[in-house]
1. Give me the three principal axis extents of the range 2-181 from the C-alpha atoms, as integers in angstrom, largest value leading.
2. Quick check on the chain: helices-only [θ] at 222 nm, where DSSP H runs of length 4 and up contribute -39,500 (n - 2.57) each and the sum goes over total residues. Nearest 500, please.
3. Would you mind checking which residues have amide H under 5 Å from Ala121's amide H? H placed 1.01 Å from N; only 5 or more apart, or other chain.
4. Please name whichever of Leu165, Pro25, His126 sits farthest to the positive end of the charge dipole of the range 2-181, dipole taken about the Cα centre and charges placed at Cβ: Lys and Arg +1, Asp and Glu -1.
5. Can you put Met67, Met62 in order of Cβ neighbours within 10 angstrom, beginning with the fewest?
6. Would you mind working out the magnitude of the charge dipole of the chain relative to its Cα centre, with +1 at each Lys and Arg C-beta and -1 at each Asp and Glu C-beta, to the nearest 20 Debye?
7. Taking the beta-carbon count within 10 Å as an exposure proxy, list Leu38, Leu120 from fewest neighbours to most.
8. Could you tell me which of the pairs Lys141/Lys167; Lys180/Lys202; Lys77/Lys182; Lys84/Lys118; Lys90/Lys202; Lys84/Lys159 are separated by over 30 angstrom between their Cα atoms in the structure shown?
Amino acid sequence: MWVTLKGKHLTVKIDLERYVGTPSPFFLIFTVDEHLLLGACWKGGLDGANVAVHGFFQELLMASSYMLRPEDPKIQKYSQSERKLAEWDKFQLGNEPVVYGTTLNSEGAGLYYFCSTKDLARIYYHNELLEFTDCPEYEGKHKGVVEVPLKEFIEDVLKISREYLEKYAPVIEEIRFKHKGKKEDYNFLWELYQEVKELYEKVENG
């Protein structure tokens, strides 16, 4: 059973029926507008990449936290280091002051650089699964950049993260318990969500 979390631009779909015994046990599809950033297309249909779901949302929230603190010297230093890694990975970034690289906790499925200016969020992506698609509409679209207003990106991340934490994180843990006999504490995600929410409100209120 696929469940969908949807914002204005960001959409996340998680398959709650399939589980594989790896560190990335669930299947997830991530799109931004019409761009398929994480997941595959085979025989005319979309399918998910193997992902650690808590970790996926952690990375979205971390990227958002960095985007909201462009003046922080630690963020600036980190971004300079990430920019060098992006060049090594053959990404051609713009002049964004904030750069946050991640695999989105996917299992060999892609590489992403979340970047931001004062008003824009840019996601440079390489969806490795999409390189081998047999869907004509996605051929040659495994690598690129998608741009959305920064405000709307942060609002989307907060919206879908809260919905995940309230509705589906408990379900994920029940499934994990069924297969592994133990659950994970995801309070850290609530704390990170609250941090991003407070940073966003501070920026919005000047």
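Read-outs: derived from the displayed coordinates by stated rules, not from any lab. The shown structure was predicted, so the numbers you read here are calculated from the model rather than taken from an experiment. All Cβ positions, glycine included, derive from the backbone under ideal geometry; neighbour counts span all protein chains shown.
1. 44, 37, 28 Å, listed from the longest principal axis down.
2. Working: 5 runs with 75 residues, N = 206.
Taking each H run of at least 4 residues, the total per residue is -12000 deg cm²/dmol.
3. Val148, Leu150
4. In the range 2-181, that residue is Leu165.
5. Fewest to most other Cβ atoms nearby, the residues stand as Met62, Met67.
6. Details: 26 positive and 34 negative charges, 63 e Å.
For this selection, approximately 300 debye.
7. Ordered by Cβ neighbours within 10 Å, fewest first: Leu120, Leu38.
8. Numbers: Lys141/Lys167 32 Å; Lys180/Lys202 41 Å; Lys77/Lys182 38 Å; Lys84/Lys118 21 Å; Lys90/Lys202 35 Å; Lys84/Lys159 32 Å.
Lys141/Lys167; Lys180/Lys202; Lys77/Lys182; Lys90/Lys202; Lys84/Lys159, as the Cα separations exceed 30 Å there.
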